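The structure appears right after this line, and notes come after that.
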Amino acid sequence: MAKAKTVRSLAESVGAVAAVNGTYFDIATGHNHSGYEGDPIGLYAEHGRVLSEALNGRPALLVGHDGGRLVARVAEAATTGRLRAADGARRELDGVNRVAGLILGCGGVGGDRMASTGRLEGKPSNGVCTDPDEVVTYNAQWGADSPSGPLGSTEALLSADGTVIGTRSPAGGPLPAGGGSLYGIGNGAAWLRAHARAGSGMAVSLRITDPAGQTLPGPVETAVGGSARLLRDGVTDPDATRLGTERQPRTVAGVTADGTLLLVVIDGRAKGVSVGATGPEAADLVRSLGAVDAVNLDGGGSATAVVRGQVRNKPRETEGEPVTERPVADAIA
């Protein structure tokens, strides 16, 4: 989860016929880089397991199977995380597979403040929020090592079955093979020191819900978070205008009335050839292809379509630059 790869390499690794890029992600050229290029920003889940928490309330593509049939839909989503120690103590879980205290895109839980103003911020934003009192979890999909933590941080190491193997302070270092950790700063670190005892169990729960905290209907095996809802019941959603008036390359996931999943990449940044699309223009395009619901995924230099091992569009970092395959966090393959 802490590394990026090209869409083509991701498609090849699973033998996919086709693939497009997925979620927004932390990138080295970003203003608030956490140090882990490829870390998804917002909701991402594989095989029903949440690997990156939601920007609560933002729309996502949700995919599962029902009776062997693919079921795809677009819905606003949130994540609800809880911890329960063996002594009965409970605590909110702030995040998964990200640097503790740094919330790119905001929209998290429990005291997040906008870094630029210090204002409490519970809604998603294009900025970054901070929180000095967090517990985040790292699992086996994150990578080999958790980040080096500040003085006073504490990390509880977990086996694959959730047993606390031990703790370390400050946090950071190798993760147990097949296991993970709970990584605390501030009050979160104090909670772990008080309740994470070696040899005891620690229940970690992280669920995908609707923004009100209720269970989403239908199967959710894969979840890919987006930035804006483009279509709702066949009508352009007001959220589409939040993408601004500038035309950009875009990747869009749409669902037709009969449940067919559409994965659409709109090229751009090539003067006189392709100029990209605004949010409402992207909505018009996928509606013309039959979509009734649609969500805007990562775009710009990330927008990539691979079919049978070949990149079929021309991704560029900026207008006029050479075609370049950007490494991304994840792909829909």
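Table for the structure above
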quantity: Average Cα contact separation per residue, the chain, under 8 Å, 6 or more apart, as relative contact order %; calculated: 23 percent
quantity: Solvent-accessible heavy-atom area per residue, rounded to whole Å², over the range 255-333 at 1.4 Å; calculated: 45 Å²
quantity: Per residue solvent-accessible surface (Å²) - the range 6-106, probe of 1.4 Å; calculated: 40 Å²
quantity: Within a Gaussian network of the chain (alpha carbon springs, distance under 10 Å), most fluctuating of 162, 268, 118; calculated: 118
quantity: Dipole of the chain, positive end: most advanced residue of 13, 327, 270 [Cβ charges, Cα centre]; calculated: 13
quantity: Extension reserve of the residue 119-residue 260 stretch, reckoned as 0.36 nm per residue once the Cα distance is removed; calculated: 46.5 nm
quantity: Partner lysines for residue 5 [C-alpha distance under 22 Å; skip if fewer than 8 residues away on the same chain]; calculated: 314
quantity: Vicinal HN-Hα couplings computed from phi for the range 152-169 (Karplus, 6.51 cos²θ - 1.76 cosθ + 1.60; Hz; Gly/Pro x); calculated: x, 6, 9, 10, 9, 8, 10, 6, 4, 8, x, 7, 6, 7, x, 10, 9, 9
quantity: 5 angstrom amide H check on residue 146, placed H, neighbours 5+ away; calculated: 173, 175
quantity: Dipole magnitude of the range 106-149 about its Cα centre (Cβ charges: Lys, Arg +1; Asp, Glu -1), debye to nearest 20; calculated: 200 debye
quantity: Phi to ³J(HN,Hα) by Karplus 6.51 cos²θ - 1.76 cosθ + 1.60 over the range 49-54, Hz, x for Gly, Pro; calculated: 9, 6, 10, 8, 6, 6
quantity: Of all accessible heavy-atom area on the chain, the percent that carbon and sulfur account for (1.4 Å); calculated: 52 percent
quantity: Efficiency of FRET between residue 82 and residue 33 - r from beta-carbon atoms, R0 30 angstrom, step 0.05; calculated: 0.50
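The values are calculated or read from the model by the stated rules, or taken from the named source; none is laboratory data. In this text the structure is predicted, and so the values were computed from the model without any measurement. FYI the Cβ positions are ideal-geometry reconstructions off the backbone, even for glycines, and counts take in every protein chain you see. For accessibility, only protein heavy atoms count, side chains too; no ligands or nucleic acids. Shrake-Rupley method; radii C 1.70, N 1.55, O 1.52, S 1.80 Å.
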